[in-house]
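Here's the structure we're looking at; comments come further down.
The values are calculated or read from the model by the stated rules, or taken from the named source; none is laboratory data. Since the structure is predicted, the reported quantities are computational estimates derived from the model, not experimental observations. Neighbour counts run over all protein chains shown; Cβ positions are idealised from the backbone, glycine included.
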Amino acid sequence: MLALAVLTLLIWCWLILFHGRFWQAGPVLRPVPADPDASWPPVQIVIPARDEAEGVAACLRSLLAQDYPARYRIVLVDDRSTDGTGALARAVGEGSARLLVVDGAEPPESWSGKLWAVNQGVAAALADLPEAHGYLLLCDADIIHAPAHLTTLVAKAERERLDQVSEMVELSTVSMAERALVPAFVFFFQLLYPFARVNDPRSRTAAAAGGTVLIRKDALARIGGIESLRGALIDDVTLATRVKRAGGRIWLGHSMLARSVRPYPGAADVWRMVARTAYVQLRFSPLLLLGTVIGMVLVWLAPVLCLVFGHGLARWFGLGAWVLSTGSFLPTLRRFRLSPLWALLLPLIGLFYTGATIGSAIDHHRGRGVVWKSRAYRDREKGRTVA
């Protein structure tokens with residue numbers, strides 16, 4: 001027990017001091033006012049939408065209301081929806097030249113469905129973007145954007161000469177399950193991809209949050225376009241990795257100007273969201289899965305076990321590790337405006353995510369593959385590119 005306590009305390013000391021300040025609640029992209037006298041490049045916004053009737057109208061209205069002082073247009077690809085998403089989108093954009101709705105085709109065998117929709121949208125967008133300097137904004141159909149959002153994203157990229165700017169948008173914490181589990185999703189993402197390392201050009205770490213990705217037109221062309229990602233099941237991280245490996249500069253942070261309206265009313269909904277790609281992230285490797293489970297136990301459960309069942313120094317070392325782990329979660333809870341008492345449940349939350357990761361592996365080995373929006377990706381996994 002003493003050896004376990006010492007090990008888990010050392011792990012937490014290393015994580016806090018040397019792991020890219022993952023526990024911080026930043027960086028945050030703050031609003032920038034539109035300067036009509038500045039030179040602003042054109043932007044094409046591409047939205048893949050499959051069965052998004054619940055939120056697509058609000059999303060499009062927010063994008064049509066942007067204060068961006070230069071030319072921009074929205075291309076929404078209706079990815080063979082069955083709930084009237086395309087009709088709702090067309091109704092919102094009726095009379096506006098800024099919105100084009102494209103009826104998506106069924107994806108070829110080697111493509112993941114979402115990326116095929118994105119590829120069709122990018123093709124339509126580039127046809128209207130002849131300028132050498134311009135941007136594409138790839139975003140989801142369940143996000144509402146404040147009027148200054150597009151301006152702020154482009155200003156960040158222009159000011160710091162970035163090839164890609166991505167944000168973790170605000171996620172819903174309405175239900176009890178969301179309050180208990182969603183902040184930890186962001187926290188664990190930051191642990192896996194420390195934002196400070198992502199934003200450091202000297203680091204190999206690369207990541208993006210797929211809800212909002214602004215990318216330079218020439219940076220996308222440099223990596224071979226969306227086609228170079230066609231089999232990726234974790235497309236945002238794969239895109240960021242390709243851009244960074246090609247010498248591009250990327251930035252990832254938190255948004256103050258965009259929020260998701262996609263609900264996760266119950267724990268089962270969060271479980272499915274995690275299990276959808278957890279084993280993909282582990283490259284479908286049983287060895288990586290075993291290492292992940294051992295790591296999760298050491299990081300989240302071992303401190304509590306040593307504190308409760310240990311004696312003498314083992315208990316004190318366990319207490320130190322537990323204090324560090326609990327304290328590291330507090331900045332994330334503050335960002336979500338939630339009580340710090342939720343941090344006391346972190347070991348149980350970690351256990352939940354460990355279970356969902358194992359469940360993802362079980363689904364794969366049972367032949368269920370990845371399923372999203374009633375579309376299975378199992379047959380495309382062999383041709384995928386996973387970052």
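One line per residue, one yes/no per condition, for (1) of a type outside the set (Lys, Arg); (2) in contact with a Cys (Cβ under 7 Å, 6 or more places away or on another chain); (3) closer than 19 Å to Asp163 by Cα:
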{"position": "Val186", "(1), (2), (3)": "yes, no, no"}
{"position": "Val198", "(1), (2), (3)": "yes, no, yes"}
{"position": "Arg202", "(1), (2), (3)": "no, no, yes"}
{"position": "Ser228", "(1), (2), (3)": "yes, no, yes"}
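When only residues in the stretch 194-221 that are assigned to a strand (DSSP E or B) and not hydroxyl-bearing (Ser, Thr, Tyr) count, which is nearest to Trp23 (Cα to Cα)?
That would be Val213.
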>> Residues that are at pLDDT below 95, charged (D, E, K, R), surrounded by 13 or more Cβ atoms within 10 Å (Cβ to Cβ) and assigned to a helix (DSSP H, G or I): does the stretch 73-83 have at least one?
In response: no
Only one of Ala65, Ala58, Ala49 is under 27 Å from Pro31 (Cβ atoms) and over 23 Å from the mean Cα position of the chain (by Cα), namely Ala65
Does Thr241 meet the test of being in contact with a strand residue (DSSP E or B) (Cβ under 8 Å, 6 or more places away or on another chain) and either at pLDDT 95 or above or part of a helix (DSSP H, G or I) (or both)? no
message = Condition check: under 30 Å from Leu330 (Cα atoms) and of a type in the set (Ser, Thr, Tyr). Does Thr8 satisfy that?
response = yes
For Ile294, the lone unmet condition from (1) crowded, with 17+ Cβ neighbours inside 10 Å; (2) β-branched (Val, Ile, Thr); (3) under 28 Å from the mean Cα position of the chain (by Cα); (4) within 16 Å of Phe352 (Cα to Cα) is (1)
Of the conditions (1) on the phi > 0 side of the Ramachandran plot; (2) not in a loop (DSSP other than H, G, I, E, B), the single one that Asp51 does not satisfy is (2)
The lone condition Leu191 fails out of (1) within 23 Å of Ala49 (Cα to Cα); (2) within 14 Å of the chain's Cα centre (by Cα); (3) in a helix (DSSP H, G or I) is (1)
When the stretch 202-232 is checked residue by residue, the ones that are touching a helix residue (DSSP H, G or I) at 6+ places or on another chain (Cβ under 8 Å) and under 29 Å from Leu333 (Cα atoms) are Ser203, Arg204, Thr205, Ala206, Ala207, Ala208, Ala209, Gly210, Thr212, Val213, Leu214
(message) When you check Val77 against the structure, is it outside the structural domain of Val297 (by TED's automatic domain parsing), within 29 Å of Gln190 (Cα to Cα), in contact (Cβ under 8 Å) with a residue 12 or more places away in the chain and in contact with a helix residue (DSSP H, G or I) (Cβ under 7 Å, 6 or more places away or on another chain), yes or no?
(response) no
A careful count of residues in the stretch 1-29 that are part of a loop (DSSP other than H, G, I, E, B) and more than 29 Å from the chain's Cα centre (by Cα) gives 1
